[in-house]
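For reference, the structure is listed below as structure tokens.
The values are calculated or read from the model by the stated rules, or taken from the named source; none is laboratory data. What you see is a predicted model; the values in this text were computed from it and never measured. Reconstructed Cβ throughout: ideal geometry from the backbone, glycine too, with neighbour counts over all protein chains shown.
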Ligand SMILES: Cc1cc2nc3c(=O)[nH]c(=O)nc-3n(C[C@H](O)[C@H](O)[C@H](O)COP(=O)(O)O)c2cc1C
């Protein structure tokens, strides 16, 4: 007997309904630019109307609550998410209590001024938050191509995406390698939720 594992037309049309919310806090625009690059990458797989960057100051809760994947991102302040991002986290405690996000996918990114900048602490902080909500984590399975400014995953991060912005406008920094890595990450995240949606996992 031959077992087909290729997606049927129902699975393909359901993939078109998957949606992603990229929720971020950015004071000076650098983290926002990374969020937008993740959206660009995800839109290589999903319709643009289903992938949105969501500023923590202007949350579209209806969109966030129905999204299949929540991507959380913050600038690093004193080795932590910013106070504004933490306020957003705390605002979701009722959703935690009611298990509103359980079973969704989750991923994270952190932007800071320092090369390390303690971004790992932020990714760990957000992953713990995502686990409290009962979500399923997606990391960054991308081998670094090198450590120059144009290289992909030059900061060698696997728990989530790390980017670094120097003193300069967001159009110039983070550099091309970090932005390309963010696009790769967005594309990977969308491919992952399409691949593992329930209709595609039946065998
Ligand atoms: C109060 C404050 C604390 C900061 N703490 C850190 C830090 O711990 N590590 C680091 O590398 N950069 C730190 N920075 C630099 C920011 O991470 C950097 O400016 C920020 O990521 C820029 O992102 P944005 O343009 O999205 O706001 C800090 C900046 C401020 C204003």
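Here are some notes:
- Condition broken by residue 172, with the remaining ones in (1) within 16 Å of the ligand (Cβ to nearest atom); (2) surrounded by 14 or more Cβ atoms within 10 Å (Cβ to Cβ); (3) without any contact (Cβ under 8 Å) to a residue 24 or more places away in the chain satisfied: (2)
- Residues located in segment 1-32, provided they are in contact with a helix residue (DSSP H, G or I) (Cβ under 7 Å, 6 or more places away or on another chain) and either modelled with pLDDT of 90 or more or within 16 Å of the ligand (Cβ to nearest atom) (or both): 18, 19, 20, 21, 22, 23, 24, 25, 26
- The lone criterion from (1) within 16 Å of the ligand (Cβ to nearest atom); (2) in contact (Cβ under 8 Å) with a residue 40 or more places away in the chain; (3) under 11 Å from the mean Cα position of the chain (by Cα) left unmet by residue 53 is number (2).
- Annotation: of all residues in segment 75-123 being touching a residue at least 60 places away in the same chain (Cβ under 8 Å) and more than 16 Å from the ligand (Cβ to nearest atom), the one that is nearest to the chain's Cα centre (by Cα) is 107.
- Residue 39 being touching a strand residue (DSSP E or B) at 6+ places or on another chain (Cβ under 8 Å), under 23 Å from residue 183 (Cβ atoms), in a helix (DSSP H, G or I) and modelled with pLDDT of 95 or more: yes
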